[in-house]
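Enquirer: Structure in structure tokens, see below.
The values are calculated or read from the model by the stated rules, or taken from the named source; none is laboratory data. Quick caveat, the model's predicted, so the values are computed rather than measured. Positions of Cβ are backbone-derived with ideal geometry, glycine not excepted, and every protein chain shown enters the neighbour counts. Heads up: the accessible areas ignore ligands, DNA and RNA and are worked out on the full protein's heavy atoms, side chains in. Shrake-Rupley method; radii C 1.70, N 1.55, O 1.52, S 1.80 Å.
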Amino acid sequence: MSFEKIKVQASPNIALIKYWGKLETDPKNDFDRNLATNPSLSMTLSRALTEVEIFPTTKPNSIEFLVQNKPPTENDKLKIEKHLNRVFDFFKTDLSPFVEKGFAIHSTNNFPMGTGMASSASAFAAMTLGFTALALGKDKAQIMLSSGVQDLSQLARRGSGSACRSLEGPWVFWEGPSARKLPLEWKLFDTLLIVSKEHKKIPSSLGHVAATTSPLFSKRQLALPLRSQKILEALESQSLATLGPLIEQEALELHAVARSGNPSADYLITDTLKFLEALGPPERRDFFFTLDAGPNIHFLSVRPIQNELKKIAINLGLKNFEIWEDYAGHGPKLF
Ligand code: DP6
């Protein structure tokens, strides 16, 4: 089947209330994959992008996969294929005429990977929209994107939990099977300080399982509703001074849970700790940190802070650090 080239762009998101722990579900039931133990909240970014292109080739009976201009690992290829089938199954459409003709799926990121920018979130959000455009046509996919993204969000979630929060922006709340946009337009900077690009020893997918074994886990679940309410109020009143300490507490709690789980995961390295200590108490700052399951540090602010971060890093004698400056955005685009 011939079709017009599909191009999709989606951005990662940074969570202020973290998804850390999955509900135990039947592994054979793909509909319940990656259901979270708690609601989470994030800001979708705009500069960092995963771009997915899907187009017909002249090689019948084949799908050509390229990730960052290279053939993906067998494992990544299987994940992409599984997601493609998941999307076609959901819309009860037939993939075989496309495969018979032959087509390509190329995915590229414009940002450093494996650094704490959630590349799986932007990749699965982009693939979900791209595969939907392939299954239903661009017009229907565009309508789904602009008026009710629940189906797209739940599909993306089954690829990678945090991906369900990358189908809209800037502020997105994930509860239950899918995420929804909050009626908030506040736009913040997210500046990422990259202190290490090494792959984490315990991937997030294992971290989620280990989290539920932590003695701190149930206490965290009990504390989250009140913290979430306070974070929402701070966002509504656009009070960064109120928001900051709450998100820092939330980030540190994720790491306390990760460290005390079985297996224990210590994602922070000496340079992370040195930097966090050099920041001093939140009352003296107008930029605030959050951390994902890795050593690199995200900072939220209302103004650009790259130069300040650079100065602190240089004063501390940090070597080989990098800074990625990003900004709140509105979700994916389909071309
Ligand atoms: C710490 O979405 O990467 O970034 O569902 O197994 O793909 P899977 O996990 P993933 O977990 C992200 C965890 C986090 C917090 C967050 O983004 O909410």
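Enquirer: For residue 47 and residue 274, FRET efficiency with R0 = 30 Å and r from the beta-carbon atoms, rounded to 0.05? Working shown, then result.
Expert: Working: r = 27 Å, r/R0 = 0.90.
Step by step, r from the Cβ atoms, then E = 0.65.
Enquirer: Given a 1.4 Å probe and the protein chains all in place, what does the accessible area of residue 65 round to, in Å² to the nearest 10?
Expert: Per-residue accessible area (residue 65): approximately 20 Å².
Enquirer: Which one of 159, 208, 136 has its Cα pushed farthest toward the positive end of the charge dipole of region 96-226, where Lys and Arg give +1 and Asp and Glu give -1 at the Cβ?
Expert: Result: 208, furthest along the dipole toward the positive end.
Enquirer: May I pose another question? Where the centre of each part is set by its Cα atoms, how far does region 98-156 sit from region 1-76, in angstrom?
Expert: 6 Å
Enquirer: Next question, about the same structure. Per residue of region 64-81, in order, report the coupling 6.51 cos²θ - 1.76 cosθ + 1.60 (Karplus, θ = phi - 60°) as ³J(HN,Hα) in whole Hz, putting x for Gly and Pro.
Expert: Computed from phi, the couplings for region 64-81 are 9, 10, 9, 10, 6, 6, 10, x, x, 5, 4, 5, 5, 4, 4, 5, 5, 4 Hz.
Enquirer: Okay, next question. So, for region 155-247, what is the accessible surface per residue at a probe of 1.4 Å, expressed in square angstrom?
Expert: Counting only protein heavy atoms, the per-residue value for region 155-247 is 44 Å².
Enquirer: Ignoring ligands, DNA and RNA, please state the percent of accessible area on the chain from carbon and sulfur, probe 1.4 Å.
Expert: 54 percent
Enquirer: Sticking with this one: Quickly work out the residue 213-to-residue 5 label distance, labels modelled 7 Å from Cα along the C-beta direction, and quote it in nm with one decimal.
Expert: Going from the residue 5 label point to the residue 213 one covers 4.9 nm.
Enquirer: Full-extension gain between residue 28 and residue 187, please, as 0.36 nm times their residue separation minus the C-alpha to C-alpha distance.
Expert: 53.2 nm is the gain from fully extending residue 28 to residue 187.
Enquirer: Next up: Leaving ligands, DNA and RNA out of it, rank 63, 14, 314 by accessible area with a 1.4 Å probe, largest first.
Expert: Numbers: 63 40, 14 0, 314 110 Å².
The residues order as 314, 63, 14, largest area first.
Enquirer: Sticking with this one: Could you pull the Rg and Dmax for region 58-190, using just the Cα atoms, both in Å?
Expert: Cα-based Rg and Dmax for region 58-190 come out at 15.4, 48 Å.
Enquirer: Among 60, 174, 119, whose Cα lies farthest out toward the positive end of the dipole of the chain, if unit charges sit on the beta carbon of Lys, Arg (+1) and Asp, Glu (-1)?
Expert: Projecting each Cα onto the dipole axis, the largest value belongs to 60.
Enquirer: If you consider only alpha-carbon coordinates, what radius of gyration and Dmax does region 6-75 have, in Å?
Expert: Cα radius of gyration and Dmax of region 6-75 are 17.1, 46 Å respectively.
Enquirer: Then there's this: With every protein chain left in place, what is the accessible area per residue of region 282-335 in square angstrom, probe 1.4 Å? Let's see the in-between values first.
Expert: On the way: 2670 Å² over 54 residues.
With all protein chains present, region 282-335 gives 49 Å² per residue.
Enquirer: Identify, among 44, 69, 105, the residue whose Cα sits farthest towards the positive end of the charge dipole of region 40-123, taking +1 on the Cβ of Lys and Arg and -1 on the Cβ of Asp and Glu, with the dipole about the Cα centre.
Expert: 44
Enquirer: Ignoring solvent entirely, what values of log10 I(q)/I(0) come out of the Debye formula for the chain at 0.06, 0.10 Å⁻¹ when each Cα is a single scatterer?
Expert: Calculated log10 I(q)/I(0) at the listed q: -0.21, -0.58.
Enquirer: Next question. 7 Å from Cα along Cα→Cβ at both residue 322 and residue 104: what's the point-to-point distance in nm?
Expert: Going by the 7 Å Cα→Cβ label model, 2.5 nm.
Enquirer: Taking 0.36 nm per residue of separation and subtracting the Cα-Cα distance, what length does fully extending residue 264 through residue 286 add? If you can, show how the numbers build up before the last one.
Expert: On the way: separation 22, 0.36 × 22 = 7.92 nm, distance 3.29 nm.
Taking residue 264 through residue 286 to full extension adds about 4.6 nm, to one decimal.
Enquirer: Would you grab the residues whose amide H sits under 5 Å from the one on residue 49? Only those 5+ places off in sequence or on another chain, please, with H modelled 1.01 Å from N.
Expert: When sequence neighbours closer than 5 places are left aside, the close amide H contacts are 110, 111.
Enquirer: Magnitude of the Cβ-charge dipole of the chain, K/R +1 and D/E -1, about the Cα centre, nearest 20 debye?
Expert: 200 debye
Enquirer: Kirkwood Rh, region 146-209, all Cα pairs: how many Å?
Expert: 13.8 Å
Enquirer: For residue 311, project a label point 7 Å along Cα to C-beta. Then give me every residue of region 273-298 with its amide nitrogen under 13 Å of that point.
Expert: 286
Enquirer: If you don't mind, there's one more thing I want to ask. Given +1 on the Cβ of Lys and Arg, -1 on the Cβ of Asp and Glu, and no further charges, what dipole in debye does region 169-299 carry about its Cα centre, rounded to the nearest 20?
Expert: It comes to approximately 260 debye.
Enquirer: At 7 Å along Cα-to-Cβ for each site, give me the label-to-label distance between residue 142 and residue 239 in nm.
Expert: With each label placed 7 Å out from Cα toward Cβ, I get 4.3 nm.
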